[in-house]
Amino acid sequence: MERDAIWVGTSWKMNKGPAASVAAANELARMSFPAAIQPFVIPPFTSLKDVCDRLSGSRVAVGAQNMHWQDEGAWTGEISPTMISECGAELVEIGHSERRTYFGETDHTVNLKVHAALRHGLRPLVCIGDTADEYSYSVTNETLARQLKVALHGVSEDDVPQVLIAYEPVWAIGASGRPADAAFVERTHNYLRKVLINIAGSSAGSAIKLLYGGSVTQDNAAGYVALPHVNGVFVGRAAWNVEHFQALAEGV
Ligand code: PEP
């Protein structure tokens, strides 16, 4: 994986069964991406191994959409870090707002999962975000600082740069969302960088990749990536089609 690259990725969420995932992965494996871009895709668990196999040796990194923090045990329906790394994934998405809102993910479980991922050599992609209410009461920064501090609690300075953060305002993601304006993203990412430096020190805190996500499209992606402290974009709907994904990655 490219350390200094601009990260452009998408989670397929609960879309693409095994056949559609493999078809998409085969297409991605044939595609080229600009050298400055680190592309990544996050398929559903049912196709994680197949997608990892198809994309092994390609430029495209693969991640899982969630993970339990234990290595094994009586956790019906859960997937462990060892299973994910055995599939060949390099990344794991943790704390997406849909997991927090609908499936009881908390700052505490996010922290457990971050530690578990790092123990197993997986790079955690931690999603943080303010709700519409938090945004309207102007407590975005407080919310994000809390989420970041708990997510990274106890993570060593050596490990911190392995973590990727996606700032995804809950009010900006999905069909009912609206993209955050660039000036707001710039202010918020500047603030996040300060919090990260405060938590982890100047060197480790500056090394963490900070992605923006929320109604990113081919039209607005480059504008976000041009901002200071925006090291990439995490995209949903606009990147599920692999040709659109490639075009978006080429355009930033
Ligand atoms: C998301 O759900 O994480 C997301 C970024 O979605 P979208 O790009 O569709 O708003």
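If I go through segment 140-160 residue by residue, how many of them are under 15 Å from Leu192 (Cβ atoms), more than 16 Å from the ligand (Cβ to nearest atom) and not hydroxyl-bearing (Ser, Thr, Tyr)?
So the answer is 10.
Do we have any residue at all in segment 207-218 that's polar (S, T, N, Q), at pLDDT 95 or above and more than 27 Å from Phe245 (Cα to Cα)?
no
Cβ-Cβ distance below 8 Å, separation of 6 or more or different chains: which pairs start in segment 1-30 with a residue that is in a helix (DSSP H, G or I) and end on one that is among the basic types (Lys, Arg) and away from the ligand (no atom under 16 Å from the Cβ)?
Final answer for the pair search is Val22/Arg54; Ala25/Arg54; Asn26/Arg54; Leu28/Arg54; Ala29/Arg54.
Of these, Asn198, Asn241, Asn190, which one is away from the ligand (no atom under 16 Å from the Cβ) and either free of Cβ contacts under 8 Å to residues at least 24 places away in the same chain or of a type in the set (Gly, Ala, Ser) (or both)?
Every option except Asn198 fails the conditions.
Does Leu118 meet the test of being of a type in the set (A, V, I, L, M, F, W, C), surrounded by 15 or more Cβ atoms within 10 Å (Cβ to Cβ) and closer than 26 Å to Leu227 by Cα?
So Leu118 does not fit the description; no.
Among the candidates Gly154, Gly177, single out the residue that is modelled with pLDDT of 95 or more, surrounded by fewer than 19 Cβ atoms within 10 Å (Cβ to Cβ) and not in a helix (DSSP H, G or I).
None of the others qualify; the one that does is Gly154.
I'd like the full set of residues that are in a loop (DSSP other than H, G, I, E, B), closer than 30 Å to Glu250 by Cβ and among the polar types (S, T, N, Q), limited to segment 47-84.
Once the filter is applied, which keeps residues that are in a loop (DSSP other than H, G, I, E, B), closer than 30 Å to Glu250 by Cβ and among the polar types (S, T, N, Q), segment 47-84 yields Ser56, Ser58, Gln65, Asn66.
When the residues of segment 85-97 are narrowed to those that are surrounded by fewer than 19 Cβ atoms within 10 Å (Cβ to Cβ) and either assigned to a loop (DSSP other than H, G, I, E, B) or under 16 Å from the mean Cα position of the chain (by Cα) (or both), which ends up farthest from the ligand (Cβ to nearest atom)?
Per the stated criteria, the residue is Gly88.
Residues of segment 161-184 being more than 10 Å from the ligand (Cβ to nearest atom) and charged (D, E, K, R), which ones?
Asp181 - this is the single residue of segment 161-184 that is more than 10 Å from the ligand (Cβ to nearest atom) and charged (D, E, K, R).
All but one of (1) in contact (Cβ under 8 Å) with a residue 60 or more places away in the chain; (2) surrounded by 21 or more Cβ atoms within 10 Å (Cβ to Cβ) hold for Thr101; which doesn't?
The single condition Thr101 does not satisfy is (2).
Can you pull out every residue in segment 200-229 that is surrounded by fewer than 23 Cβ atoms within 10 Å (Cβ to Cβ) and assigned to a loop (DSSP other than H, G, I, E, B)?
Within segment 200-229, Gly201, Ser215, Thr217, Gln218, Asp219, Asn220, Ala226, Leu227, Pro228, His229 qualify.
Tell me, yes or no, whether segment 231-239 has at least one residue that is surrounded by fewer than 20 Cβ atoms within 10 Å (Cβ to Cβ), within 28 Å of Val60 (Cβ to Cβ) and in contact with a His (Cβ under 8 Å, 6 or more places away or on another chain).
Yes, because at least one residue in segment 231-239 is surrounded by fewer than 20 Cβ atoms within 10 Å (Cβ to Cβ), within 28 Å of Val60 (Cβ to Cβ) and in contact with a His (Cβ under 8 Å, 6 or more places away or on another chain).
Thr76 - would you say it is within 17 Å of the chain's Cα centre (by Cα), surrounded by fewer than 19 Cβ atoms within 10 Å (Cβ to Cβ) and either away from the ligand (no atom under 16 Å from the Cβ) or farther than 14 Å from Pro44 by Cβ (or both)?
no
Output yes when any residue across segment 39-58 is touching a residue at least 60 places away in the same chain (Cβ under 8 Å), surrounded by fewer than 19 Cβ atoms within 10 Å (Cβ to Cβ) and more than 16 Å from the ligand (Cβ to nearest atom), and no when none is.
No, segment 39-58 has no match at all.
Between a residue in segment 113-142 that is in a loop (DSSP other than H, G, I, E, B) and any residue that is within 15 Å of the ligand (Cβ to nearest atom) and among the charged types (D, E, K, R), which pairs come within a Cβ distance under 6 Å, given they are 6 or more apart or on different chains?
Here the result reads Gly129/Glu168, each pair linking segment 113-142 to a residue that is within 15 Å of the ligand (Cβ to nearest atom) and among the charged types (D, E, K, R).
The values are calculated or read from the model by the stated rules, or taken from the named source; none is laboratory data. This is a predicted model, so every value here is computed, not measured. As a convention, Cβ positions derive from the backbone with ideal geometry for all residues, glycine included, and neighbour counts pool all protein chains shown.
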